[in-house]
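For reference, the structure is listed below as structure tokens.
The values are calculated or read from the model by the stated rules, or taken from the named source; none is laboratory data. A quick note: this is a predicted structure, and the numbers were derived from the prediction, not measured. Note: ideal-geometry Cβ built from the backbone for every residue, glycine included; neighbour counts use all protein chains shown.
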Amino acid sequence: MANSFEFFTEAGLVKYTGYKADSLRSLLEGIESVSGSSIFYHLHHALFRWHFETGGHLNDFARWCWRQLQENLLAEKLSSVDPMSYISIHEARQDLIQHLKMHIGEVESLPRIPKGREFYFSEIKSFIIPTGHVATDLQTFYDAISRVDSYSIFYHLIEARIRMEKPENDFSVWIRDELQEYQLAERIEQLSPYVYNLYELRSKLLEMIQGRLHGE
């Protein structure tokens, strides 16, 4: 008999860290100094806003450089720091720092932007809460996915990589290891938050699981 899967959700309190940037130099200093929670917020939680932003940049740092500094090339480089490809915040922070240092070393001046357009570093204090939903097989997993909130989807599908420091999500791990549904686990692992928002991700999950329940 498979071990059960317990669904959790995340409630977060976002607050200002006390750091703000009005130039590339102060942006670099902020990224070097803020908590890992702040880097996590501006990289991972930026995925919530990805589908509603213009410019096509994946994270808050890239968007600010593009929008406020008109640093298009740098914005592209910072946007290449894909939060889904890292298993630790430290690695992502170091790549952000490297891109900024290289760019700063190549430019002649570092202008400051007017007051009111600064980058404010925020961080998130997360509270992990059980949802009361538990899955013991594929049918009960489907039922739970249809009922949990979008923050639960984010927690298990996206945040899991950082939390477990593994390049996988909670859903795929459980479906593969406990249910031996290897193809389904792989298909879920390939779901991209860049292609689908959280509501669409839920729909795709339900579609995949329902297909397997019907023998597809």
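Do you know which residues across the stretch 173-201 are among the small types (Gly, Ala, Ser) and within 18 Å of PRO83 (Cβ to Cβ)? Outline the logic, then answer.
To start, the set of residues in the stretch 173-201 that are among the small types (Gly, Ala, Ser) comprises 185, 192.
Scanning the stretch 173-201 gives a single hit, SER192.
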Q. Before we move on, is GLN94 part of a loop (DSSP other than H, G, I, E, B) and not β-branched (Val, Ile, Thr)?
A. no
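Pick from TYR151, TYR155: which is surrounded by 14 or more Cβ atoms within 10 Å (Cβ to Cβ), assigned to a helix (DSSP H, G or I) and touching a Lys or Arg at 6+ places or on another chain (Cβ under 9 Å)?
Values: TYR151 fails: touching a Lys or Arg at 6+ places or on another chain (Cβ under 9 Å).
Result of the check over TYR151, TYR155: TYR155.
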**Q.** Meets criteria (within 22 Å of ALA46 (Cβ to Cβ) and either in contact (Cβ under 8 Å) with a residue 24 or more places away in the chain or β-branched (Val, Ile, Thr) (or both)) for ARG161
**A.** yes
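Inspect the stretch 95-102 for any residue being at pLDDT 90 or above, of a type in the set (Lys, Arg) and buried (at least 20 other Cβ atoms within 10 Å of the Cβ) and give the result as yes or no.
Of the stretch 95-102, the ones at pLDDT 90 or above are 95-102.
With of a type in the set (Lys, Arg) added as a condition, the list becomes 101.
Okay, now just the ones that are also buried (at least 20 other Cβ atoms within 10 Å of the Cβ), so none.
No, there is no match, as no residue in the stretch 95-102 is at pLDDT 90 or above, of a type in the set (Lys, Arg) and buried (at least 20 other Cβ atoms within 10 Å of the Cβ).
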Q: Out of GLY116, GLY36, report the one residue that is exposed (fewer than 13 other Cβ atoms within 10 Å of the Cβ) and either farther than 27 Å from ARG161 by Cα or out of contact with any strand residue (DSSP E or B) (no Cβ under 8 Å at 6 or more places or on another chain) (or both).
A: GLY116
Q. Only one of (1) at pLDDT 95 or above; (2) among the aliphatic types (A, V, I, L, M); (3) under 25 Å from HIS156 (Cα atoms) fails for MET1. Which number is that?
A. (1)
Q. Any idea which of LEU58, LEU74 is touching a His at 6+ places or on another chain (Cβ under 7 Å) and among the aliphatic types (A, V, I, L, M)?
A. LEU74
